[in-house]
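Novice: Here it is, the structure, as structure tokens.
The values are calculated or read from the model by the stated rules, or taken from the named source; none is laboratory data. Just so it is clear, the model here is predicted, and its values are computed rather than measured. In this analysis, Cβ positions are derived from the backbone assuming ideal geometry, glycine residues included, and neighbour counts consider all displayed protein chains. Protein only, heavy atoms only, side chains kept; ligands, DNA and RNA dropped before computing areas. Shrake-Rupley method; radii C 1.70, N 1.55, O 1.52, S 1.80 Å.
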Amino acid sequence: MVKEELVSEVAAQAGVTKRVAEAAVEAVIDTIMAAVEDGERVTLNNFGTFERKHRNPRTGRVPATGEAVDIPARDLPWFTPSQCFKDRLT
């Protein structure tokens, strides 16, 4: 499913226009991204948790040559699905 299909589905389920649904979807995504960027955890009950994870610097290898390369530290967005979400997939 792509974003356009998500907006259409939200519009259909909420009984609103696609323009209203798109604004709502955009607002939710922007709010989650801004909160995670600020280091906050965003937990949506029965869905999951979005958070920022830190990866320490490490040494990697180039597969073709075996040469060691330094990989710098960085922060990544991270999503952990809730148990309810996991149960729906089994």
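Novice: Restricting to segment 27-49, name every residue that is open to solvent by less than 80 Å² (accessible area, probe 1.4 Å) and touching a helix residue (DSSP H, G or I) at 6+ places or on another chain (Cβ under 9 Å).
Specialist: Ile29, Val42, Leu44, Gly48
Novice: Return yes or no: is Glu37 more than 14 Å from the chain's Cα centre (by Cα) and either at pLDDT 95 or above or more than 29 Å from Leu89 (Cα to Cα) (or both)?
Specialist: Against the criterion (more than 14 Å from the chain's Cα centre (by Cα) and either at pLDDT 95 or above or more than 29 Å from Leu89 (Cα to Cα) (or both)), Glu37 does not qualify.
Novice: Does Arg61 qualify as being surrounded by fewer than 14 Cβ atoms within 10 Å (Cβ to Cβ) and either on the phi < 0 side of the Ramachandran plot or over 12 Å from the mean Cα position of the chain (by Cα) (or both)? Spell out the reasoning first.
Specialist: Details: surrounded by fewer than 14 Cβ atoms within 10 Å (Cβ to Cβ): yes; either on the phi < 0 side of the Ramachandran plot or over 12 Å from the mean Cα position of the chain (by Cα) (or both): yes.
Yes, satisfied.
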